[in-house]
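This report refers to the structure that appears directly beneath it.
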């Protein structure tokens, strides 16, 4: 996410911090590089121009030039203006406070509407709400079947009608939702081009009939400037209430996320950062600005941890760590909780400074799968006491997990090193650490 832009900003700001004295000339030179970086990231030209103008106005001043750390001051100004550009504050989805609250999803084909429908339904279930998926795409082959599969995977009911047009389907779905006390109704409409008048008229009719609380445009972040143009056209026709950016994890440039608010005036409400049902985040402009500038996003990391953390297991683990009784069984449990948080690369990028330190290093997540297979091939007794694993046991575990004995030795060696580290930590002021402060509780 934003990989190219983060790298370019890092190089620009490193030069600024290294300058002994800042002048108007080297500030303007740096801003010229910032402009180039934004344009190469597919940020809208007018948005880039206004952004640079705002930064320059604040940066080229006596207070900045004479400050103790002028380089840091420039970074602070860029950060502040970037937050303003992205929308200043988070704008969450309409609250689910009536039966039914209605979210209507619109966008081009392949933008991720069906997947997003499932994610929104799962999010509602986590809040103890009763969601209903509505299949309003009658044009794409197997569209209804796909939504049915999504609904079944998260145990959410699907409403569909054969032989009816989408406005009629949505009208009947609303009646059904009211009658059966559904809290949330999510309408998955057919993908369409904004220049297709007939299909756009259909959306306008659905909007008029069901009066949705959220009229969301689902935009593929990887299409860059095209996503901004689509958002602008859909907003002109439908007056959308917000945008959800999908596939943001695969977008190294980030132009759509930076431009869309400024061009359309519509807030980005949510971002999809992966394929898993849980990979959905509220869009926080301040946190996103920090990520773009390579500052990490520790707040989102803590929130992700809280959402996936099993508090009961965490308490037991903490007690084991204090007693230096950490086993391979505990290690396996921690791996499972770590996997729930999303891609490792995304998690590491949220930790301030770590993303830069590991720049260029390929994170091989297949290593986790290998470790899981090895631990699962052990007996409960071996997991609790790895010291009993001798040569014959290693060969059995290697055969059972499809790995070599060398891989078994490597894991055991790493585990021993980890236990030594925990033991050393316990000798320090480990007992005085607040509960929940252990880095292993992920």
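The values are calculated or read from the model by the stated rules, or taken from the named source; none is laboratory data. Bear in mind that the values here come from a model prediction, so they are computed numbers and not experimental data. So basically every Cβ, Gly included, is an ideal-geometry build from the backbone, and we count neighbours across all protein chains shown.
Points worth noting:
- One residue stands out among those in region 85-122 that are at pLDDT below 90 and in a helix (DSSP H, G or I): the one that is nearest to residue 137 (Cα to Cα), which is 86.
- Filtered by the rule that a residue be in the same structural domain as residue 174 (by TED's automatic domain parsing), farther than 15 Å from residue 173 by Cβ and buried (at least 17 other Cβ atoms within 10 Å of the Cβ), region 95-110 gives 106, 107, 108.
- Hey, residue 260 under 18 Å from the mean Cα position of the chain (by Cα) and either at pLDDT below 90 or not in a strand (DSSP E or B) (or both) or not: yes
- Test: residue 203 is modelled with pLDDT of 90 or more, assigned by TED's automatic domain parsing to the domain that holds residue 275, under 27 Å from residue 162 (Cβ atoms) and in a strand (DSSP E or B): no
- Search result, residues across region 156-184 that are within 10 Å of residue 100 (Cα to Cα) and part of a loop (DSSP other than H, G, I, E, B): 180, 181, 182, 183
- Residue within region 175-193 that is crowded, with 24+ Cβ neighbours inside 10 Å, over 21 Å from residue 93 (Cβ atoms) and touching a helix residue (DSSP H, G or I) at 6+ places or on another chain (Cβ under 7 Å) present: no
Yes or no, residue by residue, for (1) in the same structural domain as residue 274 (by TED's automatic domain parsing); (2) crowded, with 17+ Cβ neighbours inside 10 Å; (3) in contact with a helix residue (DSSP H, G or I) (Cβ under 6 Å, 6 or more places away or on another chain); (4) on the phi > 0 side of the Ramachandran plot:
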position: 91; (1), (2), (3), (4): no, yes, no, no
position: 112; (1), (2), (3), (4): yes, yes, no, yes
position: 130; (1), (2), (3), (4): yes, yes, no, no
position: 134; (1), (2), (3), (4): yes, yes, yes, no
position: 145; (1), (2), (3), (4): yes, no, no, no
position: 150; (1), (2), (3), (4): yes, yes, yes, no
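- The set of residues from region 351-378 being modelled with pLDDT of 90 or more and within 11 Å of residue 328 (Cα to Cα) comprises 374, 375, 376, 378.
- Scope region 206-234; condition closer than 20 Å to residue 165 by Cβ and surrounded by 16 or more Cβ atoms within 10 Å (Cβ to Cβ); matching residues: 206, 207, 210, 212, 215
- Within this structure, residue 187 passes the test of being within 23 Å of the chain's Cα centre (by Cα) and either assigned to a strand (DSSP E or B) or touching a residue at least 40 places away in the same chain (Cβ under 8 Å) (or both).
- Sole exception among (1) touching a helix residue (DSSP H, G or I) at 6+ places or on another chain (Cβ under 6 Å); (2) under 24 Å from residue 92 (Cα atoms) for residue 161, by number: (2)
- The single condition among (1) under 17 Å from residue 140 (Cβ atoms); (2) over 30 Å from the mean Cα position of the chain (by Cα); (3) touching a residue at least 40 places away in the same chain (Cβ under 8 Å) that residue 174 does not meet is (1).
- Sole exception among (1) surrounded by fewer than 22 Cβ atoms within 10 Å (Cβ to Cβ); (2) at pLDDT 80 or above; (3) not in a helix (DSSP H, G or I) for residue 237, by number: (3)
- Of the criteria (1) surrounded by 16 or more Cβ atoms within 10 Å (Cβ to Cβ); (2) in a helix (DSSP H, G or I); (3) modelled with pLDDT under 90, which one residue 398 fails: (3)
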